[in-house]
Amino acid sequence: MLGSPERTILGEGGYGKVITTPKNEGLALKISKDVDVCREWSREYDIQKRVYDNYNSARKSVRIVEPVKFAFIEEDRCYILMQRACPPEDFPQDQALHALLGDIRGDNVYAGRGRFIGQSLLEKYIDLEHLAKDLGIFLAVMHFKLGLDALDLEYILGRRCGTDRGNWVNVIDFGMVGEYDRERASDSIIDVAYFPLEQNCDYEECNPQERLRNKKLSESFRTSYIKEAEKYGKAEEAEEVLRLVEI
């Protein structure tokens, strides 16, 4: 993939770029511009691998993008090779689709980051009730099983390229994840509208039907988050995190 002339750029920023190629459409290669970020990327890879190995995604609509390999390129750059999530077939295949379950009707494109879509468009591709429940489970696993704050993760709608018909939400970008802290854990929920919170309708002009659906999704997320936390003896701590979110 490194030397392929047929590469497609999936994303690009100050750190480097993410590419894929026609022969390896199921993989994404994240290549650094220089060696300065490689220590951070090595740590990011290790965290993602730890989460991938310890989160059971069977029959869940939330999955972890599999990290395949971290390596240096002649000691002056580095890369992370990972599984790629392809968008639904009726979307451009080089554009990330951010699944905003906490947004009602949103549909916006941001250069270099992708397209951010809310409930009204998401429901055409994934069961929202199932997704809300599984987001709660995943986040509780991160916070209370693995002791990680889940900060600044991204949640991308898609499928394994070329093999799956259905779509799920794929978790990527573990670069900012650190050890669990209640404040940072609450920030991981409210920083971006990936999660369904009842107060989301306070910031949008929801009609009665949208308000009711958003409330149900929020309750499902909250219930599964606390129930999963209870498995690790952390139900009360989970409730405290959610109280911070509602401030």
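The values are calculated or read from the model by the stated rules, or taken from the named source; none is laboratory data. Every value quoted in this text rests on a predicted model; they were computed, and no experiment measured them. In this analysis, Cβ positions are derived from the backbone assuming ideal geometry, glycine residues included, and neighbour counts consider all displayed protein chains.
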The lone condition ALA71 fails out of (1) buried (at least 17 other Cβ atoms within 10 Å of the Cβ); (2) modelled with pLDDT of 95 or more is (1)
Are there any pairs, at least 6 apart or on different chains, whose C-beta atoms fall under 7 Å, with the first in segment 51-71 and closer than 16 Å to VAL141 by Cβ and the second among the acidic types (Asp, Glu) and surrounded by 18 or more Cβ atoms within 10 Å (Cβ to Cβ), and if so, which?
-> LYS60/ASP134; SER61/ASP134; VAL62/ASP134
Could you tell me which residue of segment 178-201 is nearest to the chain's Cα centre (by Cα), considering only residues that are outside any helix (DSSP H, G or I) and of a type in the set (Ser, Thr, Tyr)?
-> TYR194
Is it the case that some residue within segment 216-238 is assigned to a helix (DSSP H, G or I) and at pLDDT below 90?
-> no
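Condition first: without any contact (Cβ under 8 Å) to a residue 60 or more places away in the chain and either buried (at least 23 other Cβ atoms within 10 Å of the Cβ) or not hydrophobic (A, V, I, L, M, F, W, C) (or both). Now tell me which residues in segment 96-111 satisfy that. Walk me through how you get there before you give the answer.
As a first pass, look at segment 96-111 and keep what is without any contact (Cβ under 8 Å) to a residue 60 or more places away in the chain: 107-111.
Within segment 96-111, ASP107, ASN108, TYR110 meet the criteria.
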Strands (runs of 3 or more DSSP E) completely within segment 61-125 that count 3 or more residues being within 30 Å of LEU197 (Cα to Cα) = 62-64, 97-99, 107-110, 114-117
Consider GLU25 against the criteria (1) among the charged types (D, E, K, R); (2) under 25 Å from MET142 (Cβ atoms); (3) touching a residue at least 12 places away in the same chain (Cβ under 8 Å): it satisfies all of them except one. Which criterion is unmet?
-> (2)
Filter segment 9-32 down to residues that are over 22 Å from the mean Cα position of the chain (by Cα) and surrounded by fewer than 14 Cβ atoms within 10 Å (Cβ to Cβ) and give me whichever is nearest to PRO87 (Cα to Cα).
-> PRO22
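Between GLY233, GLY175, GLY158, GLY166, which is under 19 Å from the mean Cα position of the chain (by Cα) and loosely packed, with under 14 Cβ neighbours inside 10 Å? Give the steps one after another, and end with the answer.
Details: GLY233 fails: under 19 Å from the mean Cα position of the chain (by Cα); GLY175 fails: loosely packed, with under 14 Cβ neighbours inside 10 Å; GLY158 fails: loosely packed, with under 14 Cβ neighbours inside 10 Å.
Sole residue among the options that is under 19 Å from the mean Cα position of the chain (by Cα) and loosely packed, with under 14 Cβ neighbours inside 10 Å: GLY166.
Could you check, for segment 190-209, whether at least one of its residues is of a type in the set (Asp, Glu), touching a helix residue (DSSP H, G or I) at 6+ places or on another chain (Cβ under 9 Å) and modelled with pLDDT of 95 or more? Break it down stepwise before answering.
Of the residues in segment 190-209, the ones of a type in the set (Asp, Glu) are 191, 198, 202, 204-205.
Subsequent filtering for residues that are touching a helix residue (DSSP H, G or I) at 6+ places or on another chain (Cβ under 9 Å) retains 198, 204.
Narrowing further to those that are modelled with pLDDT of 95 or more: none.
There is no residue in segment 190-209 that is of a type in the set (Asp, Glu), touching a helix residue (DSSP H, G or I) at 6+ places or on another chain (Cβ under 9 Å) and modelled with pLDDT of 95 or more.
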Report yes if ARG39 is out of contact with any Gly (no Cβ under 8 Å at 6 or more places or on another chain), in contact (Cβ under 8 Å) with a residue 40 or more places away in the chain and part of a helix (DSSP H, G or I), otherwise no.
-> no
